[in-house]
Amino acid sequence: MWKVLVTESIHEEGLAILREARDVQLVQKVGLSREDLFAQLQDTDALLTRSGTGIDVPLLEAAPVLKVVGRAGVGVDNVDLPEASRRGVVVINAPTGNTLSAAEQTLALMLGLIRRTPQANASMRRGEWDRKRFMGHQLNGKRLLVLGLGRIGTQVALRCRAFGMDVSAYDPYVSPGKAENLKVQLLPDLADALAMADVITLHVPLTEETRGMLDDRLVRTIKRGAYLINCARGGLVDEEACALALREGRLAGAAFDVYSMEPPGLEHPLLAEDLQDHIVLTPHLGANTYEAQSAVARIAATNLLAALRGEPYEHA
Ligand code: NAD
Ligand code: MLT
């Protein structure tokens, strides 16, 4: 019997797959202290998490028989991948389960941002009726820059084309043929691409290469009056630089679903009171739909079982 430890809320569909497996003893313990987690890990063969459990060196050291780490989601930036592979621990994820939900959340943020929907809602709840204050923009005809034309970036590009946007992308790893099929212009230089776009949306993973990808220098190359959306990962954008760009009017607005520290805490630069007219923030909700959560739980549980049993599984 393999002991599979689940440390975060995973949709019942995924848990049922593990519960029904004859070779699995399922242990679900949400909200464990680090000490209790380490005690549980002593005899754990596979660990299934979302993004809230950091799989670092001390954790891997506390898990002598661990064989598989499963992520019910896409990003595996919460896992120390080199250390896991050094120890022969297989890392699996659910690469396709939340693609559409993350793309739709990006569109929700984009529309809410340029039409100032959260601010208008808050104003009405104060008893106001201020139509003049809430002037926005159309997406139609605006130039969109997608950073990372992978699964989510592609779905965002398709939806934005349907809105009449002129879509370009920066992604050195996709083929020109893919971009051509999508009718997306592939741009080779990030700074030039940022200088041309009206709306910029990030869809790259957080890796050693992309950490701090939009640093202060590059944020300064963004076209004046553009909008920036980060529904990918905290740590990709310098949040202080972004707050400064909003304050100085270089950015017209920004929407963030993800933060370099989660939860970010009230001292976070993007939560400053003077920025709130130009900002939309959500607490990492990109994959929070019933559809995505059931899909990622099912895919992650299936991949985790396959990896434990030495069978083929879906790769990111
Ligand atoms: P993906 O692997 O399909 O696509 C990522 C793309 O980024 C690839 O095309 C890759 O070539 C490109 N890329 C990598 N390095 C790059 C670089 N330096 N510059 C430009 N492009 C680069 O992944 P995906 O499924 O589209 O997901 C992307 C990320 O979105 C995930 O890694 C995750 O962190 C994030 N995500 C967030 C939520 C949320 O809840 N907000 C939900 C799902 C995914
Ligand atoms: C992911 O990487 O899949 C997302 O951040 C969503 C999540 O972990 O819930």
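Within region 282-298, if we keep just the residues that are within 13 Å of ligand 1 (Cβ to nearest atom) and closer than 17 Å to residue 7 by Cα, the residue that is surrounded by the most Cβ atoms within 10 Å (Cβ to Cβ) turns out to be 296.
Select from region 244-262 the residues that are away from ligand 1 (no atom under 16 Å from the Cβ) and over 13 Å from residue 277 (Cβ atoms) and list them in ascending order.
Step one: filter region 244-262 for residues away from ligand 1 (no atom under 16 Å from the Cβ), giving 244-253.
244, 245, 248, 250 - these are the residues of region 244-262 that are away from ligand 1 (no atom under 16 Å from the Cβ) and over 13 Å from residue 277 (Cβ atoms).
Residue 32 fulfils the conditions (1) closer than 20 Å to residue 297 by Cβ; (2) part of a helix (DSSP H, G or I) except for a single criterion, (2). Residues in region 204-224 that are assigned to a helix (DSSP H, G or I) and touching a helix residue (DSSP H, G or I) at 6+ places or on another chain (Cβ under 8 Å): 216, 218, 219. Residues of region 260-282 being assigned to a helix (DSSP H, G or I) and in contact (Cβ under 8 Å) with a residue 12 or more places away in the chain, which ones? Those that are assigned to a helix (DSSP H, G or I) and in contact (Cβ under 8 Å) with a residue 12 or more places away in the chain: 269, 270, 274, 275, 276, 277, 278.
Let's see how each residue does on (1) surrounded by 24 or more Cβ atoms within 10 Å (Cβ to Cβ); (2) more than 13 Å from ligand 2 (Cβ to nearest atom); (3) over 28 Å from residue 253 (Cα atoms); (4) at pLDDT 95 or above:
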| site | (1), (2), (3), (4) |
| --- | --- |
| 70 | yes, no, yes, yes |
| 80 | no, yes, yes, yes |
| 83 | no, yes, yes, yes |
| 90 | no, yes, yes, yes |
| 96 | no, no, yes, yes |
| 108 | no, yes, no, yes |
| 112 | no, yes, no, yes |
| 116 | no, yes, no, yes |
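Note on region 160-179: among residues that are of a type in the set (A, V, I, L, M, F, W, C) and in contact with a Leu (Cβ under 9 Å, 6 or more places away or on another chain), the one that is surrounded by the fewest Cβ atoms within 10 Å (Cβ to Cβ) is 163.
Which is over 17 Å from residue 252 (Cα atoms) and modelled with pLDDT of 95 or more, of 198, 215?
Values: 198 fails: over 17 Å from residue 252 (Cα atoms).
Being over 17 Å from residue 252 (Cα atoms) and modelled with pLDDT of 95 or more holds for just one of 198, 215, which is 215.
For residues in region 41-67 being under 21 Å from residue 98 (Cα atoms) and in contact with a strand residue (DSSP E or B) (Cβ under 9 Å, 6 or more places away or on another chain), which is surrounded by the fewest Cβ atoms within 10 Å (Cβ to Cβ)? That would be 54. When region 207-232 is limited to residues that are buried (at least 21 other Cβ atoms within 10 Å of the Cβ) and touching an Asp or Glu at 6+ places or on another chain (Cβ under 6 Å), the one that is farthest from residue 150 (Cα to Cα) turns out to be 226. With the structure loaded, tell me whether residue 135 is part of a helix (DSSP H, G or I) and either under 28 Å from residue 293 (Cβ atoms) or away from ligand 1 (no atom under 11 Å from the Cβ) (or both) or whether it fails that test. Against the criterion (part of a helix (DSSP H, G or I) and either under 28 Å from residue 293 (Cβ atoms) or away from ligand 1 (no atom under 11 Å from the Cβ) (or both)), residue 135 does not qualify.
Count of region 299-309 residues, restricted to those that are within 16 Å of ligand 1 (Cβ to nearest atom) and either over 12 Å from residue 49 (Cα atoms) or surrounded by fewer than 23 Cβ atoms within 10 Å (Cβ to Cβ) (or both), is 2.
Considering only region 57-113, how many residues are assigned to a helix (DSSP H, G or I) and within 16 Å of ligand 1 (Cβ to nearest atom)?
Applying the first criterion (assigned to a helix (DSSP H, G or I)) to region 57-113 yields 57-61, 81-86, 99-113.
Next, from what is left, pick out any that are within 16 Å of ligand 1 (Cβ to nearest atom): 81, 99-110, 112-113.
Total satisfying the criteria: 15.
Of everything in region 49-68, what is more than 12 Å from ligand 2 (Cβ to nearest atom) and under 17 Å from residue 8 (Cα atoms)? Give them in sequence order. Outline the logic, then answer.
Applying the first criterion (more than 12 Å from ligand 2 (Cβ to nearest atom)) to region 49-68 yields 54-68.
54, 55, 56, 59, 68 - these are the residues of region 49-68 that are more than 12 Å from ligand 2 (Cβ to nearest atom) and under 17 Å from residue 8 (Cα atoms).
Consider residue 315 carefully, then state whether it is assigned to a loop (DSSP other than H, G, I, E, B), surrounded by 14 or more Cβ atoms within 10 Å (Cβ to Cβ), of a type outside the set (D, E, K, R) and in contact (Cβ under 8 Å) with a residue 24 or more places away in the chain. Criteria not met by residue 315.
The values are calculated or read from the model by the stated rules, or taken from the named source; none is laboratory data. This structure is a prediction, so every number in the text was calculated from the model and none was measured. Note that we place each Cβ from the backbone using ideal geometry, even for glycine, and neighbour counts take in every protein chain shown.
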